[in-house]
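This report refers to the structure that appears directly beneath it.
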Amino acid sequence: MDQLDAMRMFMRVAELESFTRSAEQLGMPKATLSAAIRRLEEQLGTRLLHRTTRRVQLTTDGQLCYARSQELLADMEEFNGLFRQGGQLSGQLRVDMPSRMARHLVIPALPAFLAAHPDLQLMLSSTDRRVDLVREGFDCVVRVGALESSSLVARPLGHYRQINCASAAYLARHGTPQALADLAQHRLVHYGAGPGSREAGFEYLQADGSRAVLVMAGTLTVSDSEAYLAAAQAGLGIIQMPRVGVEALLASGELVMVLPQWQAPPLPIHALYAHRRQLSPRVRAFIHWLGEVLARALAGESEPAAP
């Protein structure tokens, strides 16, 4: 086991702050991982990690070693990639993205990408919760919506156009709203990204382009995009969501657009990854490919109608 392997193991332990979780992700016994880190510390002549029964933390020297290991491993990967035939990628790539994006856009396009890089092992996590890129060991994550302040690098990938829609059965029972004032007689299915969170209400763009929110009643709050769509199909209220992925339901008449002149603001899409001097070729190639996939999917969408 060479020093580069030991550095990769050390970085994973530093990111997850756990020997147990790191050993599980790396597919090796915990004792083997712990012994490799001890040998690395002996080689470097310093202690890299503070170990307690509950947590593992970087020492001051460990923080420096982590930063330099990132740069060295990225440089080595880029160097090795210079001599690969056809620019093929290899190794493992861990990515997280929203579930509907994975299901409707990315997975259908993956066969061609993986065929072009047969030595690449892609681990695709699809969830609507906000994962911790560093602690959970992801190479990059895709986020939809406004970004929180962080040290991660954000690369724009486009925008989702949002629409307002409800099931035909719901509109048959409650009528189709023709103006914002009509929403007082309707229900909104609320979407909360996490426990206890709840969206304020019906969002729309005003004539000057600013965002406005109309508070609406609702009896259901969900935290998953599939459940959000299912709630609309079940006739539980109006939803606001990206048009991509629901075209078939609109075409069949199961879902019907409402108030098209009062659209919610577009949702920005970003790929996020940890700051490094040299971005891994695997991550760089995947983000570039994903940007092309999204561009094709979003190319046919027109801009929301102005109110």
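The values are calculated or read from the model by the stated rules, or taken from the named source; none is laboratory data. The model shown is predicted, which means the values in this text are computed figures rather than measured ones. Methodologically, a virtual Cβ is constructed for each residue, glycine included, from the backbone with ideal geometry; neighbour enumeration extends over all protein chains shown. Surface areas here come from the heavy atoms of the whole protein model, side chains and all, with no ligands, DNA or RNA. Shrake-Rupley method; radii C 1.70, N 1.55, O 1.52, S 1.80 Å.
I37 passes every criterion in (1) farther than 12 Å from G137 by Cα; (2) open to solvent by 20 Å² or more (accessible area, probe 1.4 Å) apart from (2). So which residues in the stretch 1-23 are surrounded by fewer than 17 Cβ atoms within 10 Å (Cβ to Cβ) and closer than 17 Å to V134 by Cβ, if there are any at all? Answer for the stretch 1-23, where residues must be surrounded by fewer than 17 Cβ atoms within 10 Å (Cβ to Cβ) and closer than 17 Å to V134 by Cβ: R8, E17. Return yes when R94 is modelled with pLDDT under 90 and surrounded by fewer than 16 Cβ atoms within 10 Å (Cβ to Cβ) and no when it is not. The answer is no for R94. Pairs meeting the criteria (first residue in the stretch 251-269 and under 17 Å from A212 (Cα atoms) and open to solvent by 50 Å² or more (accessible area, probe 1.4 Å), second residue assigned to a strand (DSSP E or B) and aliphatic (A, V, I, L, M), beta carbons under 8 Å, at least 6 apart or on different chains) are P260/I163; W262/L205. Checking the stated criteria, E254 turns out to be at pLDDT 90 or above, acidic (D, E) and within 24 Å of Q240 (Cβ to Cβ).
Look at Q85 and say whether it is surrounded by fewer than 17 Cβ atoms within 10 Å (Cβ to Cβ), within 23 Å of the chain's Cα centre (by Cα) and modelled with pLDDT under 85. No.
State whether one or more residues within the stretch 51-63 are open to solvent by 60 Å² or more (accessible area, probe 1.4 Å) and in contact with a His (Cβ under 8 Å, 6 or more places away or on another chain). Yes, because at least one residue in the stretch 51-63 is open to solvent by 60 Å² or more (accessible area, probe 1.4 Å) and in contact with a His (Cβ under 8 Å, 6 or more places away or on another chain). Looking only at residues in the stretch 115-149 that are open to solvent by 60 Å² or more (accessible area, probe 1.4 Å) and under 22 Å from Q25 (Cβ atoms), the one that is modelled with the lowest pLDDT is R135. If you go through the stretch 64-75 and keep only what is open to solvent by 50 Å² or more (accessible area, probe 1.4 Å) and either assigned to a loop (DSSP other than H, G, I, E, B) or modelled with pLDDT of 75 or more (or both), you end up with L64, R68, L72.
For the stretch 237-250, which residues satisfy the criterion of being open to solvent by 40 Å² or more (accessible area, probe 1.4 Å) and of a type in the set (A, V, I, L, M)? Correct list: A248 only. Report whether or not R161 is buried (at least 17 other Cβ atoms within 10 Å of the Cβ), within 30 Å of Y273 (Cα to Cα) and of a type in the set (D, E, K, R). It is true that R161 is buried (at least 17 other Cβ atoms within 10 Å of the Cβ), within 30 Å of Y273 (Cα to Cα) and of a type in the set (D, E, K, R).
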